[in-house]
Amino acid sequence: MAVEAEAGESGLQREWWLRTLAVLVVPRAVFAALREEAREDLEARQEPLLAIAYLAGIAGVLASSAAGRLYDDPEIDGLLVAVWAFIAGGVYGFATYFVAGAAVYMGARGLGSLGSYRRARHVLGFAAVPFTLTLALWPVKLSLYGGDAFRSGGSDSGAGADVFIGLTLAFAGWSLVLLAVGVKTVHGWSWARSLAALGLVGAVLVAFAVLPTLV
């Protein structure tokens with residue numbers, strides 16, 4: 001029996017790893033599966049969600065303006081950039097996962113959702129998969145510009161920079177669309193109600209950003 005249980009858990013985890021890729025092509029099926037909240041199913045999602053949050057965090061810090069100035073400090077080399085991306089990406093990824101997940105939860109709650117905070121985080125996590133794909137742009141960017149990708153006023157400025165920014169924004173937009181699909185699917189709502197919930201999500205995130213300046 002123990003062997004059968006272990007095989008079942010392994011199979012569930014494999015299914016969720018496959019769904020991590022499937023969300024790019026059949027998102028509704030993946031988000032519909034999030035309605036299942038049995039303990040085994042929840043546990044099987046943990047590793048894929050951990051990986052998504054980490055990779056999205058790294059992608060986020062590499063896309064930041066801070067990354068483009070790292071080599072302005074002559075004491076920073078490639079190894080330190082990698083360590084910075086790994087550590088800062090982890091912190092940023094998990095902070096965003098929980099804070100933005102709370103915003104998704106509160107936005108949906110404001111439109112009458114009875115879903116849990118955990119499910120809101122999971123919807124956000126799988127919606128972030130397209131944004132992690134921006135990491136695939138970095139080998140191309142580094143091959144074209146080398147260390148200038150991390151230096152102010154380097155050769156990566158101009159039209160080339162606009163192309164990479166445009167691609168990054170396109171992947172971010174794809175993730176936003178998937179978030180809307182996820183909210184609509186898990187709740188079985190109309191598009192109008194789902195988009196209204198996302199509007200509340202935006203309001204909550206703005207409040208998070210502005211509140212510290214008012215204290």
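The values are calculated or read from the model by the stated rules, or taken from the named source; none is laboratory data. On a predicted model such as this, the values are computed, not experimentally measured, just so you know. Don't worry about glycine lacking a Cβ; one is built from the backbone with ideal geometry, like all the others, and counts go over all protein chains shown. In case anyone asks, the SASA skips ligands and DNA or RNA and just uses the protein heavy atoms, side chains included. Shrake-Rupley method; radii C 1.70, N 1.55, O 1.52, S 1.80 Å.
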> How much of the accessible area of the chain, in percent, comes from carbon and sulfur atoms when a 1.4 Å probe is used?
Replying inline: 68 percent
> Which ³J(HN,Hα) values in Hz, rounded to whole numbers, follow from the phi angles of segment 36-42 under the Karplus curve 6.51 cos²θ - 1.76 cosθ + 1.60, where θ = phi - 60° and Gly and Pro get x?
Replying inline: 6, 10, 5, 4, 4, 5, 4
>> Using only DSSP helix segments of four residues or longer, with each worth -39500 (n - 2.57), what per-residue ellipticity at 222 nm results for the chain after dividing by its residue count and rounding to 500?
In response: -25500 deg cm²/dmol
>> Ratio of alpha-carbon Rg to the 2.2 N^0.38 Å globular estimate for segment 90-215, to two decimals, please.
In response: 1.26
> Which angle between 0 and 90 degrees, to the nearest 10, do you get for helix 2-22 versus the longest principal axis of the chain when only C-alpha atoms count?
Replying inline: 50 degrees
> Of A128, A56, A33, which has the largest mean-square fluctuation in a 10 Å C-alpha GNM of the chain?
Replying inline: A33
> Which one of I87, F131, A38 has its Cα pushed farthest toward the positive end of the charge dipole of the chain, where Lys and Arg give +1 and Asp and Glu give -1 at the Cβ?
Replying inline: A38
> Among T168, L70, G202, whose Cα sits farthest toward the positive end of the charge dipole of the chain (+1 at Cβ of Lys/Arg, -1 at Cβ of Asp/Glu, about the Cα centre)?
Replying inline: G202
> Which ³J(HN,Hα) values in Hz, rounded to whole numbers, follow from the phi angles of segment 160-171 under the Karplus curve 6.51 cos²θ - 1.76 cosθ + 1.60, where θ = phi - 60° and Gly and Pro get x?
Replying inline: x, 4, 4, 5, 5, 5, x, 5, 4, 5, 5, 5
>> Need one number for segment 19-116: average projected area of the convex hull over its C-alpha atoms, nm².
In response: 8.1 nm²
>> I need the phi-derived Karplus couplings for segment 86-96: 6.51 cos²θ - 1.76 cosθ + 1.60, θ = phi - 60°, integer Hz, Gly and Pro marked x.
In response: 5, 6, 5, x, x, 4, 5, x, 6, 5, 5
> About its Cα centre, how strong a charge dipole does the chain have in debye, to the nearest 20, once Lys and Arg get +1 and Asp and Glu get -1 at the Cβ?
Replying inline: 880 debye
> Just S113, S65, S152 to compare: in a GNM of the chain, with alpha carbon springs under 10 Å, which one fluctuates most?
Replying inline: S65
> Gap in Å between the Cα centre of segment 69-86 and the Cα centre of segment 40-54?
Replying inline: 30 Å
